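Undergrad: Dropping a structure here in structure tokens format, bear with me for questions.
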Amino acid sequence: MNFLSSKRQSSMAIVGALIITLGVERTATAATFNPAPIFDSAVSYSTTIPRSEGGIDTADIYYPVLSGKVTDKSSLPIALFLQGALVDKSNYSKFANTVARYGFVVVVPNHVRTAISPTGAITGLIAEQQQVNDVLTYMLNEDSNPSSPVANLLDPNTLVLLGHSFGGAVGIAAIQDNCFPVLCTADFNRPKQLKGGVFYGTNFLMGQGSGTLPVIDNDGISIALVQGNRDGVATPTNAELTYTQIQDPTKALIAISGANHYGITNDDNLIREPSRPTLEQDTSIETIARWSALFLRGTALNDFQAFDYVFNTGDALDGNITVQSVAKPIPEYTSLVSLLGLGLVGASSLLRCKQKL
């Protein structure tokens, strides 16, 4: 009798230890995680990217300065930034530099084309879906080119998308693996490397006219919309509608208090945006870059601490942020839950075995 009692206590101690371990793990994550960039600095270089239909795009490529302590250097995901309509790539330098410091190689092209929309034709800096495949092909070649600054640094299996305004709508279209009018000018096939996207000042009505917002079939690829509450170009209401149409988790709508449509660019746009921001521009850029990078690290790279920050703790720590989200657990968290389950099953089996004795 004493033996059984002793073993029951031991079993319960095992279960208790597992529960405590899980709780401590989550508490420690919230208490110790630093949402600042991983790398101290990033640099950039300029290049030209061939277009599949002919011609070239000029582009700036940002990448982190790796410390001597980094041993696995072939692990930096490719992040394509799709520019807002008529916004030059140079206006995104602060944002791209910050995202790169979170462990991404950020490609920011200037893509000139003519777009035919319901309101007429316009020629200028206008993103399109074909850039996804063109940039991926170019960057895979860069990784194997010994003269490239990013040679042997890239993760060839992971591509993520970033975007602003119209460029974000292009990114949402690309994730759906469909060629949408205005956003796409030729056949499009989503590459298997595409793992997620974060888009600022974006809704899926952009470029699609004023009709009914379509269902967004994201096929399980994570999407976040980051939205300034003072956006006078792409309204928060349309971002909310777009968020509700995203069919599969993981997804998030990250609202930034005080930011307008150009909160992501180096400078505000006094001509194209009627609403002035109340959040300082550099703070706005840093906030958008931080939440964008951590969302992608948490969902596309299975970074548990980044995931926990975005979906559980970050909005309580950042007074400028409000988050709506639906998430699937990432593997590390699932493993902890499975471990707890195995402990419960093992303890129960041990008790049944001893009771038979």
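The values are calculated or read from the model by the stated rules, or taken from the named source; none is laboratory data. Just so it is clear, the structure is predicted and the values come from calculations on it, not from any experiment. Note that we place each Cβ from the backbone using ideal geometry, even for glycine, and neighbour counts take in every protein chain shown.
Undergrad: When you go through Ile264, Ile246 one by one, which is the residue that is crowded, with 22+ Cβ neighbours inside 10 Å, more than 24 Å from Ala96 (Cβ to Cβ) and among the hydrophobic types (A, V, I, L, M, F, W, C)?
TA: Residue meeting the stated conditions: Ile246.
Undergrad: Regarding region 79-96, can at least one residue be identified that is modelled with pLDDT under 95, over 15 Å from Tyr138 (Cβ atoms), outside any helix (DSSP H, G or I) and under 23 Å from the mean Cα position of the chain (by Cα)?
TA: Within region 79-96, not a single residue is modelled with pLDDT under 95, over 15 Å from Tyr138 (Cβ atoms), outside any helix (DSSP H, G or I) and under 23 Å from the mean Cα position of the chain (by Cα).
Undergrad: Moving on. In this structure, does Ile122 turn out to be more than 22 Å from Tyr45 (Cα to Cα) and within 18 Å of the chain's Cα centre (by Cα)?
TA: So Ile122 fails the test.
Undergrad: From the residues in region 278-305 that are farther than 18 Å from Arg230 by Cα and touching a Pro at 6+ places or on another chain (Cβ under 8 Å), which one is surrounded by the fewest Cβ atoms within 10 Å (Cβ to Cβ)?
TA: Ranking the candidates gives Asn302 first.
Undergrad: Hey, another quick one. Among the residues of region 100-125, write down those that are small (Gly, Ala, Ser), at pLDDT 95 or above and not in a loop (DSSP other than H, G, I, E, B).
TA: Those that are small (Gly, Ala, Ser), at pLDDT 95 or above and not in a loop (DSSP other than H, G, I, E, B): Ala100, Gly124.
Undergrad: Filter region 126-140 down to the residues that are farther than 18 Å from Phe180 by Cα and not aromatic (Phe, Trp, Tyr) and list them by number.
TA: Answer for region 126-140, where residues must be farther than 18 Å from Phe180 by Cα and not aromatic (Phe, Trp, Tyr): Val135, Leu136, Thr137, Met139, Leu140.
Matching residues to (1) under 19 Å from the mean Cα position of the chain (by Cα); (2) within 21 Å of Ala316 (Cα to Cα):
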residue: Ile216; (1), (2): yes, no
residue: Asn229; (1), (2): no, yes
residue: Gly232; (1), (2): no, no
residue: Thr235; (1), (2): no, no
residue: Asn238; (1), (2): no, no
residue: Thr244; (1), (2): yes, no
residue: Leu253; (1), (2): yes, yes
residue: Ile256; (1), (2): yes, yes
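Undergrad: Related question: Filter region 235-244 down to residues that are in a loop (DSSP other than H, G, I, E, B) and either in contact with a Lys or Arg (Cβ under 8 Å, 6 or more places away or on another chain) or over 17 Å from Tyr262 (Cβ atoms) (or both), then give me how many there are.
TA: Residues that pass the stated criteria total 0.
Undergrad: Same structure, new question: Residues in region 279-297 that are more than 25 Å from Ser325 (Cβ to Cβ) and either touching a residue at least 40 places away in the same chain (Cβ under 8 Å) or touching a helix residue (DSSP H, G or I) at 6+ places or on another chain (Cβ under 6 Å) (or both): how many?
TA: 1
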